[in-house]
Amino acid sequence: MKRIIRYLPVLLVMFSLNAFAQDGRFTGNFQGDFQYYLSDSTINAVSPDELLLMNSYANFSYTKGNFSAGLRYEAYLKTLAGFPGEDGRNDGLGIPHRWAQFSSDGFDITVGNFYEQFGNGFTLRAYEEKALGVDNSIDGVRVKYSPIQGVNFTGILGKQRYYFDYGPGIIRGVDGDVSINDLFEKLQDKRFRVIVGGSFVSKFQEDNDPVYVLPENVATSAARINLSYGLLNFNSEYAYKINDPSEDNKYIYKPGQAFLATATYSQRGLGLLVSTKWVDNMSFRSDRNATLTDLNINLLPEITKNHTYTLAAYYPYATQPNGEWGAQAEVMYNFKRKSKLGGKYGTNLALNFSRVHNVPRNPINDTIPVGASGTLGYESPFFSIGDELFYQDINLELTKKISKSLKFVLTYQNLTLNNDVLMQSEFHDMIHANIAIADVTYKFNRKTSLRGEFQGMFTDDDKGDWAMGLLEFSIPKFFFTVMDSWNYGNSNVDERYHYYTVGLGYISGGSRVQLSYGKQRQGVMCVGGVCRTVPASNGLMLSISSTF
Amino acid sequence: MKKLAIYLTLILVAGSLFYACDTIEEPYYEDNVTVWNGRKSLILDFTGQRCGFCPDGHRVIEQLQTTYPDAVVPIAVHCSFLGLAVTSDTTQPFHYNFMDSINIALGGDGMSSTGHFNITSQPVGTVNSFSPEDISAPGAWATKTAGFISLFPEFSIEVAPTFSDSTIQADINIYTEIATERQVQIVVYIVESHIFEWQEDYSSDDSPIENYEHNHVLRASMNGTFGEKLNTDVNLSVGDEFEKSYNLKIKPSWNPENLQIVAFVYDNDSKEVLQAEEVYVKE
């Protein structure tokens, strides 16, 4: 019965869609990932009882004028290894995501599931990232209202999605921003522009704990400002969270704080970015006992570069919501065509630096150790920076087109990470690594090309040196890939494994089919500051995606 | 006017949300909840086989061990006049010698030696103290122990025992949990349980009892009566670690299955016992 009630709105939407369908617009897409697993004891790859697992979903949405509605069918039979909830919580099929939206008279109203972000995400960021298996959409009501130009309000209330169910908490939030220039006619044409904003998000969860007196209503509020002058932009936000004892902070009652400031300058051929972030005790979930990627209400923005090349992404950084200070600087410069360094087609250079430290913690008095459960925990002065290095990344990327047919990207990366904190393998202490990558593309003609990636990671720590090579040959409608990652520098000679993959892909319009066979090493994959551990696997993988 | 109404509504909604949060003030625990934060209580029970009220003390310890599992570390220091054996005839009551040199060094023998604690009446004991000034009757031990339960330990102690060729080895790691300024002493004793021998017990009609179970009986010290100094620099920071290793050959009369290592640290000035740990020699 509960199911019927839950899907009733879906059926209603479907019926109404039918009525409207004559002149509206239907869109949709499908993604299916199937993997057949083989056991391989050498790399610790195990095959599940089912042998074949699948993650798949399909979106359907309908838009007509100022009305839109949609749903997503999802099926995980069973969840692919390494995805959140693979222990069974995520297994199943159904329509966990459906929504309808319309706008009228300055109001924009959504009922059902929605994604939303307030400011930089300190107070609220409901989002999905299928590659990580993260979907923390809110099922409820969202009202956006813009009474006049430059003034926007958003109010939300709902429960958070927890796989095919709901989390135990209720989330309420309001957000608003005001463009000062738009408000006053005199300021409208000024180059100096100011936008101020604020948000407030509160969660409710019952306190049934026999030991602790827990806050049932926990609020986070934030204020932000955006200043711009011509090509220069400055953005800053400060957030404060009241006591929120949770599994993340081991049940301490200390309030949390977060701060972010980013300045950017960009003009044709030049981009500059400097940014700093300070976070203390800012994990915020709609279930105080949730862990990993479950039921996060907020998302603390990342302060390090997200790398995509295999070995550059070997040791990703994961935001530490319990406390971190970080800074990042980036310069992008384009040497013009026909200049000395630009050559015939121009040269693009990007230099990026980021560094993350701990936040020092002082005891609250002489009798309570730092971080003790059932106490205030510790004291950290605002924007205090500790001596302990978590992560440092210096990287340089050079993109150059030599001729009409030859193009390459060269990357160098110098990486230091504290594996006692980030724990990406069993290795203890600091990991220092140098990574060099060459990505070369040669075009035989407009539709036929060969791309090669040659990567090397050089380190005396953890599993030692790695080499990786990839060849990708593309012809109209088809592509072939051959790839090998080789841990040739492993101090244990018996563990100098090759992780090879061969693949074949077919592309036609908006559809794509890819079949590959090979081994995947155990690793950590991060997108947008959220990471998941990927177990080693060996098997056949089929991936199908299509849109209409 | 319509706009004003909408603004006012928005402000009211936002305002009411601001009240929707609960700031909790101390105490953070529910009423009637006792939380043990890891601080253990060392109870030195100065007892004797011929002391008829001493089993009262044993029962207080048993009760405390039931109330606070893992939080109580008892040592039965058989000492003073009532602790002495009165005969060597093993067919007679009170022939068993519970009193090794460590017992006399601590409690005295009631005759020529006073020992550190100078025990003249029994049963008495101390809870988390190595000072004779803190001696109290068993009736006070529960209250004293309760006072330590919710405190956080300044140190944690890990004892890794090994036993071979009748020799006990204790590898001990002491870890600083709270920054402090103290000169700390580390003491490591051996105790034995499940010794069935005579005991006077005035609460029983059958006193003296022939097969009374004697537990936590102090046998020896692995590093002297008062142990040894742990630190030279009195400024201890969180994470400061100390490693100690001691050996002791057991006596043939001791049953290794029932032997435990008791390690504890105390402040050399205040004599407060700051943390204690016990493990079986044969795990």
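The values are calculated or read from the model by the stated rules, or taken from the named source; none is laboratory data. Here the structure is a predicted model, which is why all the values come from computation and not from measurement. Reconstructed Cβ throughout: ideal geometry from the backbone, glycine too, with neighbour counts over all protein chains shown.
Assorted remarks:
Yes or no, residue by residue, for (1) within 14 Å of chain A (Cβ to nearest Cβ); (2) part of a strand (DSSP E or B); (3) farther than 30 Å from A:Gly371 by Cβ:
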{"site": "B:Thr225", "(1), (2), (3)": "no, no, yes"}
{"site": "B:Val238", "(1), (2), (3)": "yes, no, no"}
{"site": "B:Lys244", "(1), (2), (3)": "no, yes, no"}
{"site": "B:Leu248", "(1), (2), (3)": "no, yes, yes"}
{"site": "B:Lys251", "(1), (2), (3)": "no, no, yes"}
{"site": "B:Trp254", "(1), (2), (3)": "no, no, yes"}
{"site": "B:Glu257", "(1), (2), (3)": "no, no, yes"}
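- Any hit, the range B:268-283, residues being at pLDDT 95 or above, on the phi > 0 side of the Ramachandran plot, surrounded by fewer than 20 Cβ atoms within 10 Å (Cβ to Cβ) and in contact with a strand residue (DSSP E or B) (Cβ under 8 Å, 6 or more places away or on another chain): yes
- Some residue of the range A:141-148 being under 30 Å from A:Thr79 (Cα atoms), within 14 Å of another protein chain (Cβ to nearest Cβ) and modelled with pLDDT of 95 or more: yes
- Qualifying positions in the range A:83-105 - in a loop (DSSP other than H, G, I, E, B) and charged (D, E, K, R): A:Glu86, A:Asp87, A:Arg89, A:Asp91, A:Asp105
- Residue within the range A:292-300 that is hydroxyl-bearing (Ser, Thr, Tyr), farther than 26 Å from A:Ala433 by Cα and at pLDDT below 95 present: yes
- Within the range A:517-540, considering residues that are part of a strand (DSSP E or B) and touching a Pro at 6+ places or on another chain (Cβ under 8 Å), the one modelled with the highest pLDDT: A:Val524
- Qualifying positions in the range A:106-139 - outside any loop (DSSP other than H, G, I, E, B) and at positive phi: A:Gly112
- Restricting the range B:28-37 to residues that are closer than 14 Å to B:Leu151 by Cα and more than 9 Å from chain A (Cβ to nearest Cβ), the residue that is modelled with the lowest pLDDT: B:Thr34
- Answer from A:Ile385, A:Ile402, A:Ile368 - the residue that is within 13 Å of another protein chain (Cβ to nearest Cβ) and either buried (at least 17 other Cβ atoms within 10 Å of the Cβ) or at negative phi (or both): A:Ile368
- Identity of the residue in the range B:153-164, under 15 Å from the mean Cα position of the chain (by Cα) and hydrophobic (A, V, I, L, M, F, W, C), that ends up nearest to the other protein chains (Cβ to nearest Cβ): B:Phe155
- Restricting attention to the range B:227-266, the residues that are under 20 Å from B:Ser164 (Cβ atoms) and aromatic (Phe, Trp, Tyr) total 2.
- Qualifying residue in the range A:175-196 (condition: within 13 Å of chain B (Cβ to nearest Cβ) and under 23 Å from the mean Cα position of the chain (by Cα)): yes
- Residue check, A:Thr276 within 14 Å of another protein chain (Cβ to nearest Cβ), within 17 Å of A:Gly119 (Cα to Cα) and of a type in the set (S, T, N, Q): no
- In summary, strands (runs of 3 or more DSSP E) completely within the range A:358-448 and bearing 2 or more residues that are at pLDDT 90 or above, among the acidic types (Asp, Glu) and within 25 Å of the chain's Cα centre (by Cα) occur at A:389-401.
Matching residues to (1) of a type in the set (S, T, N, Q); (2) within 14 Å of chain B (Cβ to nearest Cβ); (3) within 22 Å of the chain's Cα centre (by Cα):
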site	(1), (2), (3)
A:Val201	no, yes, yes
A:Gln205	yes, yes, no
A:Glu216	no, yes, no
A:Thr220	yes, yes, yes
A:Leu227	no, no, no
A:Asp248	no, no, yes
A:Met282	no, no, yes
A:Thr291	yes, no, yes
A:Asn296	yes, no, yes
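- Hits in the range A:310-331 (condition: at pLDDT 95 or above and surrounded by fewer than 19 Cβ atoms within 10 Å (Cβ to Cβ)): A:Ala327, A:Ala329, A:Glu330, A:Val331
- Here the condition is being β-branched (Val, Ile, Thr) and within 21 Å of A:Thr304 (Cα to Cα); of A:Thr441, A:Thr416, it holds for A:Thr416 alone.
- Just one residue in the set A:Phe60, A:Phe83, A:Phe34, A:Phe67 is farther than 30 Å from A:Ser146 by Cβ, modelled with pLDDT of 95 or more and surrounded by 15 or more Cβ atoms within 10 Å (Cβ to Cβ); that residue is A:Phe34.
- Each residue in the range A:229-246 was checked for being more than 14 Å from chain B (Cβ to nearest Cβ) and in a loop (DSSP other than H, G, I, E, B), and 2 pass.
- The range A:375-386 residues that are under 8 Å from A:Asn362 (Cβ atoms), paired with ones that are basic (Lys, Arg) (beta carbon under 9 Å, 6 or more apart): A:Tyr378/A:Lys254; A:Tyr378/A:Arg361; A:Glu379/A:Lys254; A:Glu379/A:Arg361; A:Ser380/A:Lys254; A:Ser380/A:Arg361
- Of all the criteria given as (1) surrounded by 18 or more Cβ atoms within 10 Å (Cβ to Cβ); (2) of a type outside the set (A, V, I, L, M, F, W, C); (3) more than 28 Å from A:Ile368 (Cβ to Cβ), the one not satisfied by B:Arg182 is (3).
- Where A:Ser236 falls short, out of the listed (1) of a type outside the set (A, V, I, L, M); (2) modelled with pLDDT under 95; (3) within 23 Å of the chain's Cα centre (by Cα): (2)
- Here A:Ala131, A:Ala126, A:Ala100 are screened, and the one residue that is under 17 Å from A:Ser56 (Cβ atoms), more than 14 Å from every other protein chain (Cβ to nearest Cβ) and either of a type outside the set (Lys, Arg) or in contact with a Ser or Thr (Cβ under 9 Å, 6 or more places away or on another chain) (or both) is A:Ala131.
For every residue, the table says whether it meets (1) within 14 Å of chain B (Cβ to nearest Cβ); (2) touching a Pro at 6+ places or on another chain (Cβ under 8 Å); (3) closer than 26 Å to A:Ala327 by Cβ.
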site	(1), (2), (3)
A:Ser380	no, yes, yes
A:Leu410	no, no, yes
A:Asn434	no, no, yes
A:Ile437	no, no, yes
A:Glu453	no, no, no
A:Gly456	no, no, no
A:Asp461	no, no, yes
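- Test result for B:Val191, more than 14 Å from every other protein chain (Cβ to nearest Cβ), modelled with pLDDT of 95 or more and closer than 30 Å to B:Leu82 by Cβ: yes
- Residue in the range A:23-32 that is among the β-branched types (Val, Ile, Thr) and touching a residue at least 60 places away in the same chain (Cβ under 8 Å) present: yes
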